[in-house]
Amino acid sequence: MVSALIISLLFIFSNPFPSVHSDAAPEPSPSTNNICIIGSGIAGSTVAHFLRHYSDDPSFPTINGIRIFERHRIVGGRMATVSIGGDTFEAGASILHPKNYHASNFTKSLNLRIKEPSSDSSDSSLGIWDGTQFVFKTIPLNPNSPLYNKIVSMANSLLIFFRYGFSLFKMQSFVDNTVGCFLKYYTDLDSRPVFETVDEMLKWSGLYRLTRRTLQEELVDAGLSPRIISELVTVITRINYGQSVAISGLAGAVSLAGSDAGLWSVGGGNWQIAAGLINSSDVTLHLNEEIESITHLGDYYELNSTKGISYACEVTVVATPLDELNIQFHPPILIPERKLQHTHTTFMRGLLNPAYFGLRSVSEIPELVGTVEAPDLPFSSISILKKYTEEDMAHKIFSRKPLTDALLDQIFSARKETIRIDWGAYPHFTAPEVFAPFVLDGLHLYYVNAFENAASTIETGAVAAENVARLILSRLSSRTTSSSTNLQNSASGGESLHFEL
Ligand SMILES: Cc1cc2nc3c(=O)[nH]c(=O)nc-3n(C[C@H](O)[C@H](O)[C@H](O)COP(=O)(O)OP(=O)(O)OC[C@H]3O[C@@H](n4cnc5c(N)ncnc54)[C@H](O)[C@@H]3O)c2cc1C
């Protein structure tokens with residue numbers, strides 16, 4: 001019997017759960033450096049971390065209290081896990097690049113476990129589906145035969161080369177050049193300016209021009225063939241951003257880097273990076289508390305929450321995309337319009353139906369089915385996450401629209417468990433991109449996710465957040481700081497911050 005468990009993230013998150021810090025604490029004096037951060041994802045947690053880290057330097061002002069507000073009952077935002085069939089899988093941000101140095105440093109300093117992709121998942125067979133047939137397929141490996149696998153891996157490399165030729169190297173070089181520019185954001189503080197705008201930050205690293213044109217335009221100029229762009233590149237952009245090669249060149253390059261070798265994740269869930277940073281940054285965490293309005297009142301901002309509590313904050317940091325939120329700003333702020341791309345992630349325990357793909361047996365279906373841009377193609381990708389038996393596997397499906405039960409019953413011959421998540425996943429990347437400012441009001445109201453339409457990843461969020469932390473400190477340093485007792489960290493132990501979806 002098929003038991004379809006339809007779960008929307010919002011529904012789960014709205015479950016009442018005691019907040020770690022739900023008391024109406026006496027308000028600190030607005031004359032101290034109290035910083036309020038809205039959002040406990042990678043952006044909010046990284047701002048808190050670097051505020052503490054850099055304010056150790058006596059040349060920077062003292063930060064008295066940091067509050068993080070999170071509307072849900074868990075931290076991590078789009079770093080979240082889901083449990084299916086007793087196993088835990090990443091539901092949102094799942095992979096990190098080997099050169100994601102902030103994420104990797106955080107993971108090491110927080111003593112989290114780095115999980116390399118298992119050999120069978122990195123060597124998953126790939127098929128490119130156009131809605132009627134597989135236009136390209138690699139040969140599946142055999143988990144019990146290492147020698148056979150070596151030969152098959154070589155054969156697969158040849159197959160890919162025969163289909164896409166030297167365009168493969170041109171694609172890699174495009175990605176390497178982009179990653180090379182991005183690495184400038186890790187250079188030491190003396191040689192790296194503090195950026196007031198996203199445009200300035202991107203121009204400094206040499207990445208700005210990639211946000212002006214589409215990925216397709218960039219790749220045609222780089223000499224890639226139409227075939228690799230419409231097949232392999234499209235498969236990757238559809239998997240990583242749910243969008244076509246019409247996305248901006250920078251988001252496209254970041255997306256392509258997500259198919260490099262050496263990808264990794266945090267064992268047990270990437271959300272633990274945010275939880276660890278929050279725990280170690282002397283933060284007062286307000287879970288289940290949504291900020292409804294931000295009002296500028298002279299020397300400070302008054303934040304009003306859904307709990308009916310007001311907070312006085314000298315500095316306010318918005319660490320979440322504002323595009324689908326309804327926070328009231330007084331006075332109003334004006335930012336460029338931006339749309340979010342919704343990605344529907346469906347987790348399915350069951351068995352794929354070979355007949356749907358015009359095949360005779362399940363074993364002929366590639367472990368990763370990517371897709372090209374074709375009208376009416378209902379999904380972007382299907383991947384096998386885990387094989388329990390030959391007839392029982394966990395799958396992850398990405399699609400631009402929700403998948404109906406009727407359609408799932410065509411794609412799968414057996415369905416045991418179904419979990420659906422609708423993510424307001426990342427910006428709908430549109431070249432030329434127009435960026436909101438990091439400082440929303442010219443005063444002390446900051447917006448980390450102004451950077452997100454350059455590219456949306458854990459690492460780009462961390463890089464933007466580090467810059468915002470430096471920007472706050474440098475803009476505060478001209479002001480007199482007064483001493484005050486540090487607010488207590490009311491959340492201790494990573495476990496208390498996270499619950500599975
Ligand atoms: C399906 C999917 C797959 C992805 N895959 C990858 C990947 O493999 N690798 C990668 O690096 N990136 C990936 N990403 C992108 C990555 O998840 C994001 O770029 C990153 O996590 C964004 O972090 P953030 O902190 O800026 O925002 P978020 O993680 O969205 O955090 C914002 C937080 O603010 C909270 N909030 C919002 N409004 C309020 C309010 N008014 N009051 C209080 N709290 C509020 C939200 O609940 C949320 O927890 C993926 C994203 C999705 C959706």
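The values are calculated or read from the model by the stated rules, or taken from the named source; none is laboratory data. If you're wondering where the values come from, they're calculated on a predicted model, not measured in any experiment. Ideal geometry is used to build each Cβ from the backbone, glycine not excepted, and the neighbour counts take in all protein chains shown.
Given the range 327-381, what strands (runs of 3 or more DSSP E) lie entirely inside it while holding 2 or more residues that are touching a Lys or Arg at 6+ places or on another chain (Cβ under 9 Å)? Write out each step before concluding.
Working: elements: 328-330, 340-352, 368-371.
Strands (runs of 3 or more DSSP E) meeting the threshold: 340-352, 368-371.
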* Asked: What do you reckon, is residue 297 of a type in the set (A, V, I, L, M, F, W, C) and buried (at least 23 other Cβ atoms within 10 Å of the Cβ)?
  -> no
Among 255, 280, 248, the single one that is of a type in the set (Ser, Thr, Tyr) and surrounded by fewer than 22 Cβ atoms within 10 Å (Cβ to Cβ) is 280
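Scan the range 408-434 residue by residue and report those that are of a type in the set (Lys, Arg) and touching a Leu at 6+ places or on another chain (Cβ under 7 Å). Explain how you work it out, then say what you get.
Let us first name the residues in the range 408-434 that are of a type in the set (Lys, Arg), namely 415-416, 420.
Within the range 408-434, 415 is the sole residue that qualifies.
Name the residue, out of 183, 232, that is modelled with pLDDT of 95 or more, buried (at least 22 other Cβ atoms within 10 Å of the Cβ) and more than 15 Å from the ligand (Cβ to nearest atom). Break it down stepwise before answering.
Details: 183 fails: buried (at least 22 other Cβ atoms within 10 Å of the Cβ).
Selected residue: 232, the only one of 183, 232 that is modelled with pLDDT of 95 or more, buried (at least 22 other Cβ atoms within 10 Å of the Cβ) and more than 15 Å from the ligand (Cβ to nearest atom).
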Contact list, first residue from the range 151-168 and within 20 Å of residue 141 (Cα to Cα), second anywhere and aliphatic (A, V, I, L, M) and at pLDDT 95 or above, beta-carbon distance below 7 Å, six or more apart or interchain, is 160/168; 161/168
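To keep it simple, each residue is scored yes or no on (1) within 8 Å of the ligand (Cβ to nearest atom); (2) within 25 Å of residue 423 (Cβ to Cβ); (3) not assigned by TED's automatic domain parsing to the domain that holds residue 183.
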residue	(1), (2), (3)
48	no, yes, yes
53	no, no, yes
58	no, no, yes
63	no, no, yes
68	no, yes, yes
87	no, yes, no
102	no, yes, yes
105	no, no, yes
109	no, no, yes
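Looking at 456, 483, 496, 474 in this structure, which one is assigned to a loop (DSSP other than H, G, I, E, B), farther than 15 Å from residue 49 by Cα and modelled with pLDDT under 95? Reasoning before the result, please.
Numbers: 456 fails: modelled with pLDDT under 95; 496 fails: assigned to a loop (DSSP other than H, G, I, E, B); 474 fails: assigned to a loop (DSSP other than H, G, I, E, B).
On inspection, the qualifying residue turns out to be 483.
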